[in-house]
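Please read the structure below before turning to the comments.
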Amino acid sequence: MTEPKFAPSILSADFARLADAVVAVERAGADWIHVDVMDGHFVPNLTFGPKMVADLRKATRLPLDVHLMIERPEDWVDRYADAGATYLTIHVEAAGDVPRTLAAIRARGVRPGLTLNPETPVDAVLPHLGSIDLALVMSVHPGFGGQKFIEGALGKVKSIREALDARRLAAELEVDGGIKPENAARVVAAGATVLVAGSAIFEDPDGPVAALRKFKQAVRG
Ligand code: DX5
Ligand code: ZN
């Protein structure tokens, strides 16, 4: 099994000490930092905006994987590009004109990502696979960390994996929500290349370094 990338979600870290959290997981071998932007409208929770991304950009050299859970993401592309996002992922349910928004992200030199909610059929993202660098399958209803993994997400991961391979597309396939060392190997076997984990890393009683080690052991089998 090819080893996946790990993208700790700072949603579950201490917001008053985010730079420390990012440095800790970078030292522990994280590949990306997953940054959850919520606007209190698209999802019933509120986090932070472009200034936090710009400040995190100064705290780590890892790619910043920015997951926009906001309405009208098209209005925010320039601000997150200016802030230093590496990947900028929009929800297919939120963007008014998906191809145009993805093109605007790429035109700013940022890697475009597209994601879908658990209730959204996979057909909503398949037509856009040729325009993205990252497909993100949500395995919880977005808004909060610490929720249970929705098993139905695995079928979507497999469908997107088949579609990417059939078209020889190299986009990353990321899964977000309820990922633990216990289910990580199944998610990778379904075709994921990037695993997001928030509570399983930042709320592990043994700390984030040990948590990442457990994940890496789990996917090695
Ligand atoms: C949920 C966020 C996730 C969240 C995952 O809306 O998109 O990135 O942090 O948290 P866990 O890993 O605890 O399910
Ligand atoms: Zn996320």
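Per-structure values
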quantity	calculated
DSSP loop trypsin sites (Lys or Arg not before Pro) with at most 10 other Cβ within 10 Å: longest gap in the chain	62-147
q = 0.16, 0.18 Å⁻¹: log10 I(q)/I(0) that the Debye formula gives for the range 1-105, counting C-alpha atoms only	-0.69, -0.86
Rounded to the nearest 10 Å², the accessible area of His41 at probe 1.4 Å	140
Additional length obtainable on full extension of the chain from Arg100 to Glu203, 0.36 nm per residue less Cα span	33.3 nm
Residue-averaged [θ]222 nm for the chain, counting only DSSP H segments that reach four residues, each worth -39500 (n - 2.57)	-10000 deg cm²/dmol
Selected from Ser131, Ala192, Thr2, residue furthest toward positive end of dipole (the chain; charges at beta carbon)	Thr2
Within the range 5-220: Cβ-based charge dipole about Cα centre, in debye rounded to nearest 20 (Lys, Arg +1; Asp, Glu -1)	700
Difference of contour (0.36 nm per residue) and Cα-Cα distance, Glu182 to Lys5	62.1 nm
Fraction of antiparallel bridges per DSSP, the chain only, in percent to nearest 5	5
Over the chain, relative contact order from alpha-carbon pairs under 8 Å, at least 6 apart, %	21
Separation of alpha-carbon centers, the range 196-221 and the range 61-89, rounded to whole Å	26
Cleavage-rule hits, GluC sites (Glu not before Pro), the range 106-186, DSSP coil, Cβ neighbours within 10 Å at most 14	Glu119, Glu151
Distance violations [Cα-Cα > 27 Å] among Lys158/Lys214; Lys51/Lys158; Lys58/Lys156; Lys51/Lys214	Lys51/Lys158; Lys58/Lys156; Lys51/Lys214
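The values are calculated or read from the model by the stated rules, or taken from the named source; none is laboratory data. Here the structure is a predicted model, which means the values were calculated and not measured. Don't worry about glycine lacking a Cβ; one is built from the backbone with ideal geometry, like all the others, and counts go over all protein chains shown. The protein model used for the area step is the full one, side chains on, heavy atoms only, and it has no ligands, DNA or RNA in it. Shrake-Rupley method; radii C 1.70, N 1.55, O 1.52, S 1.80 Å.
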